[in-house]
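The values are calculated or read from the model by the stated rules, or taken from the named source; none is laboratory data. Remember, it's a predicted structure, so these values are computed and weren't measured experimentally. Note that we place each Cβ from the backbone using ideal geometry, even for glycine, and neighbour counts take in every protein chain shown. For accessibility, only protein heavy atoms count, side chains too; no ligands or nucleic acids. Shrake-Rupley method; radii C 1.70, N 1.55, O 1.52, S 1.80 Å.
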Amino acid sequence: MKREFLRDVEVERYENETKQVERKMCIIRICFLLSGMCAITSSISFVSYGTYAFQVTAKKAQFGLNDAKEIVREGMNITSAFLREFNTVVVTDNYFSDEAAWCPNLANYEGDEHLTLLRGNVDNVRQSIKNLDNDFTTEMKTLHDDLINTKTGVDLMNDHLNKGIEKYSVVATTVAIFQIGIVSILMSGVAWTCVARLPKFLRSTYSYFFLPILIISTLLSIVLCASFLAASITGSDFCYPSPDLKVSKLLQTNEELFGPFVSRAMSHYVMGCHENKEVLDIEQYIPKFEDAHNTVNKFINIFPKDIQLHDKLCDGVILGITLLIDDALHDFAQRIDGARVLLSCSNINSVYAMLAHNVSCYDGINAFYWICFSQLGVAFFSMIMVTLRVSWQQVEKRKSKIILC
């Protein structure tokens, strides 16, 4: 009787301990599967939100660079046309340096009062044209050369962005597939144990092959999380309270990339054009241009009065030369006006504000944070899975001891 009672107590204790172990095993499996689902969700977020945000940021940066490229291309067209028209004016004006060229019959009318008046008007035209060749023209030449370098730099950045988007998309997708794959394999193993006992070789494979790979995947997530967190902090520090001053210093230290004139001009626009000056001193140049234009027009207006006399004196050559200069000056005026519009603060500062403030300091940092926290989620839940797997093995050992007893 006593022996039977003791046997019943032992059986009851065995059953209770077995139930406790099975309950712990069930809880561990459920937690393991839930952690795996959370890790997979985090990995999907890494691709669908973090990578997508990064791609959107890069695309916006490309749009901004394309806008900048259009401005650069327009600037190259304006400066090229300006220099071409200026060269036309100078070359045409050179005809006036040789009196025999603009007035073939000069020798036959030496001392004629009309010839004296004509010479005076020609000298006025030449002097007004000479006044056009000043620092402004030199700046336009420098600007044209720097714009060529800037276009090359913008094309290079655009090319790097294209390659960067492609490489990052491939790497991010590969990392996500790797993380989802290894977690799914381990989850399938746990799900299998809920139905039947795993064969010994599969238990060994899961414990000594897939589990170490999960640990490696966890370490990779930690590295990615730390890297993008560092990038986010660095970007936030660069953008706080405003990136303008730092970008201006960056332009000054990398002057050779865009050229001295463009770097100086960009610093002006980056700082919001607060300084009361223009990049090109157009306003001071306009009076000289107007003087040249008025002098040439005044000279042209003389011809209708004495057209026959001038034809007689100079065979009409001088009128053709002067009209050619007048046409070139008209085109000259259009280029100056185009340069004024192109270099306006609202035209260029808006592109900079979009690239620096919106893309880099808002979209870019948000994308980094998305990537950082999604990988943090993967690392956190993967570590829980590793811990639960170890706990599961300890519970299994305890169960084996109970059965042996």
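Summary table
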{"read-out": "Cβ pairs under 8 Å, 6+ apart, first in segment 14-25 and within 13 Å of CYS194 (Cα to Cα), second at pLDDT 65 or above and surrounded by 12 or more Cβ atoms within 10 Å (Cβ to Cβ)", "value": "MET25/TRP392"}
{"read-out": "Per-region count, segment 187-207, residues surrounded by 13 or more Cβ atoms within 10 Å (Cβ to Cβ), free of Cβ contacts under 8 Å to residues at least 12 places away in the same chain and aliphatic (A, V, I, L, M)", "value": "1"}
{"read-out": "Counted residues, segment 34-51 - those being farther than 23 Å from ARG389 by Cβ and among the hydrophobic types (A, V, I, L, M, F, W, C)", "value": "1"}
{"read-out": "In segment 263-285, residue nearest to ILE129 (Cα to Cα) [restricted to those that are at pLDDT below 75 and in a helix (DSSP H, G or I)]", "value": "TYR285"}
{"read-out": "From LEU313, LEU319, LEU355, LEU323, residue being over 26 Å from GLU85 (Cα atoms), open to solvent by less than 80 Å² (accessible area, probe 1.4 Å) and modelled with pLDDT under 80", "value": "LEU313"}
{"read-out": "Some residue of segment 214-229 being farther than 18 Å from ALA379 by Cα, part of a helix (DSSP H, G or I) and in contact (Cβ under 8 Å) with a residue 12 or more places away in the chain", "value": "no"}
{"read-out": "Residue match in segment 57-69 (condition: modelled with pLDDT of 80 or more, within 30 Å of LEU219 (Cα to Cα), small (Gly, Ala, Ser) and surrounded by 17 or more Cβ atoms within 10 Å (Cβ to Cβ))", "value": "yes"}
{"read-out": "Any hit, segment 386-393, residues being farther than 30 Å from LEU147 by Cα, modelled with pLDDT of 80 or more and either open to solvent by 50 Å² or more (accessible area, probe 1.4 Å) or touching a His at 6+ places or on another chain (Cβ under 8 Å) (or both)", "value": "yes"}
{"read-out": "Scan of segment 232-246 for residues that are of a type in the set (A, V, I, L, M, F, W, C) and within 16 Å of the chain's Cα centre (by Cα), ordered by number", "value": "PHE238, CYS239"}
{"read-out": "Test: residue in segment 289-310 that is within 29 Å of the chain's Cα centre (by Cα) and at pLDDT 75 or above", "value": "no"}
{"read-out": "Count of segment 230-262 residues which are free of Cβ contacts under 8 Å to residues at least 12 places away in the same chain and hydrophobic (A, V, I, L, M, F, W, C)", "value": "3"}
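One line per residue, one yes/no per condition, for (1) open to solvent by less than 40 Å² (accessible area, probe 1.4 Å); (2) under 26 Å from PHE368 (Cα atoms); (3) in contact (Cβ under 8 Å) with a residue 12 or more places away in the chain:
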position	(1), (2), (3)
LEU118	yes, no, yes
GLU139	no, no, yes
HIS144	yes, no, yes
LEU161	no, yes, yes
GLY164	yes, yes, yes
TYR168	yes, yes, yes
ILE180	no, yes, yes
